[in-house]
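Right, one structure below, let's go through it.
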Amino acid sequence: MAWMLAAGVFLLLCALLNLLLNLLLPHRPASRWRRGLERGTMRMTSRLHRQTVVAPDPFDTLRLQTRLGYLSSKIRRVESTPHVYARAHRLMALEAAYDDLLDEACRLAGVPGEPEQQRSEAKRWQEEQELAARGWSW
């Protein structure tokens, strides 16, 4: 028990000496031992302090669902109208925006996958099914 008290006093004196040296010599370079100790303590604290998972804001989810519904209705409208000026260009732009929103919705819902994956109908269908399985609707 006495050795723990002695170790505590020793560490306290080391900390006070370090503080005093920092006040007197503020621009001294850190030693290799000190840098290694700092790296080790940073690694240890990062393991001990787990990141808290923040629950998504329900209003962000609702806003995303509303935007997805709006874009899907616009896509259906452009596809069903036979004579639309620059139809292919509009469809490509709307589908790209829809895919970006799907990626954001998947990230928000916690769907595993890579957002940089090649765009395709199969990927879009898979993301829609994953979101629907998690209770999303639009």
Q) small (Gly, Ala, Ser) and modelled with pLDDT under 75: does that describe Ala6? A) no
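Which one is farthest from the chain's Cα centre (by Cα) among residues in segment 37-61 that are surrounded by 11 or more Cβ atoms within 10 Å (Cβ to Cβ) and without any contact (Cβ under 8 Å) to a residue 12 or more places away in the chain?
Leu37
Looking for something under 28 Å from the mean Cα position of the chain (by Cα), outside the structural domain of Arg119 (by TED's automatic domain parsing) and over 25 Å from Leu131 (Cα atoms) - is there at least one such residue anywhere in segment 15-36? Show your work before the answer.
Going through segment 15-36, the residues under 28 Å from the mean Cα position of the chain (by Cα) turn out to be none.
No, there is no match, as no residue in segment 15-36 is under 28 Å from the mean Cα position of the chain (by Cα), outside the structural domain of Arg119 (by TED's automatic domain parsing) and over 25 Å from Leu131 (Cα atoms).
The values are calculated or read from the model by the stated rules, or taken from the named source; none is laboratory data. All figures in this text were calculated on a predicted structure; none of them were measured in a lab. FYI the Cβ positions are ideal-geometry reconstructions off the backbone, even for glycines, and counts take in every protein chain you see.
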